[in-house]
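The structure under discussion appears below in the form of C-alpha cells.
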Amino acid sequence: STIVAENKEKKKFRNGGINLYYNHDFNDSGQKITADADFLAYSDDTDQFYRNYIYQSDNTLSSSDASTGKLPSKINIYAFKTDYSLPLKKETTFETGYKISYTKTDNVADYADIIGNVSEPNYDNSNHFKYDEMINAVYVNFNKSFKRFSFQSGLRLENTLSKGNQLG
C-alpha cells in the first residue's frame, strides 16, 4: 500500500522588542547605578491543512482523511533590573541589584477533522495552555582584591510565582 500526504501550512509571525537602558556614574571613584527595562513580544499564527490518501497495492483508493489545525501563540515578556556598585576602601567593592521579570504565554492548538465537508472538533488533539510567571531576585556582593588573589562573597535571593492553566 501507499500513503500520499498533502500538507499545507500558512504561518504568520511577528516578533518585536524594546529596551531602555540607563547608566549614571556618580563620581570618578567608580560609584554607579544602571537600569534596564525590556519588553519582548512574540506572536505566531499558524493554519494547517492535512489530507492523507491510502492506496492499496493495485492503486485503488482504500481511504482518505483530512484535518485542519489553528495554532495561535502569544508570548509577552517584561523585565526590569537595576545594579548599584560602590567602591570602598582598600580595593573593596560593594554591589547590589534587583531584577523582576514577568512572562505571559497563551498557546492554542485547535484541531478539527473534516468528515464529508463538515469540520468536527478533535478534542483529543486540541489543547489550550495559559501560563504566567513572575520572578523577583535581589543580590548583594562584596569583592576584595589583594596583590595575588581576590575574594568575592555574595548572597542572592530569588522568588518565583507561576500559574499554569491547562484548558484542554
### Query
Has the range 15-26 got any residue that is closer than 30 Å to Phe151 by Cβ and surrounded by 11 or more Cβ atoms within 10 Å (Cβ to Cβ)?
yes
### Scan of the range 15-50 for residues that are farther than 25 Å from Ile100 by Cβ and under 17 Å from the mean Cα position of the chain (by Cα), ordered by number
Asp44, Asp45
### Task
Among residues belonging to the range 45-87 that are among the hydroxyl-bearing types (Ser, Thr, Tyr) and exposed (fewer than 15 other Cβ atoms within 10 Å of the Cβ), point out the one that is nearest to Ile115 (Cα to Cα).
Ser64
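A quick yes/no check of all residues on (1) surrounded by 15 or more Cβ atoms within 10 Å (Cβ to Cβ); (2) of a type outside the set (S, T, N, Q); (3) touching a helix residue (DSSP H, G or I) at 6+ places or on another chain (Cβ under 6 Å); (4) modelled with pLDDT of 95 or more:
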site	(1), (2), (3), (4)
Thr103	yes, no, no, yes
Asn107	yes, no, no, yes
Asp124	no, yes, no, no
Phe129	yes, yes, no, yes
Glu133	yes, yes, no, yes
Ala137	yes, yes, no, yes
Asn141	yes, no, no, yes
Lys144	no, yes, no, no
Glu158	no, yes, no, yes
### Message
Condition first: among the charged types (D, E, K, R) and touching a residue at least 40 places away in the same chain (Cβ under 8 Å). Can you find one or more residues in the range 41-48 that meet it?
### Response
no
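Suppose we keep only residues that are within 24 Å of the chain's Cα centre (by Cα) and among the hydroxyl-bearing types (Ser, Thr, Tyr) within the range 120-138. Which one would you say is farthest from Gly69 (Cα to Cα)?
From the range 120-138, those within 24 Å of the chain's Cα centre (by Cα) are 125-138; that's our starting set.
Those still in the list that are among the hydroxyl-bearing types (Ser, Thr, Tyr) too: 126, 131.
On the way: Ser126: 9, Tyr131: 21 Å.
Among those residues, the one meeting the criterion is Tyr131.
The values are calculated or read from the model by the stated rules, or taken from the named source; none is laboratory data. What you are looking at is a predicted structure, and each value in this text was computed from that prediction instead of being measured. For neighbour counting, all protein chains shown are included, and Cβ atoms are generated from backbone atoms with ideal geometry for every residue, glycine included.
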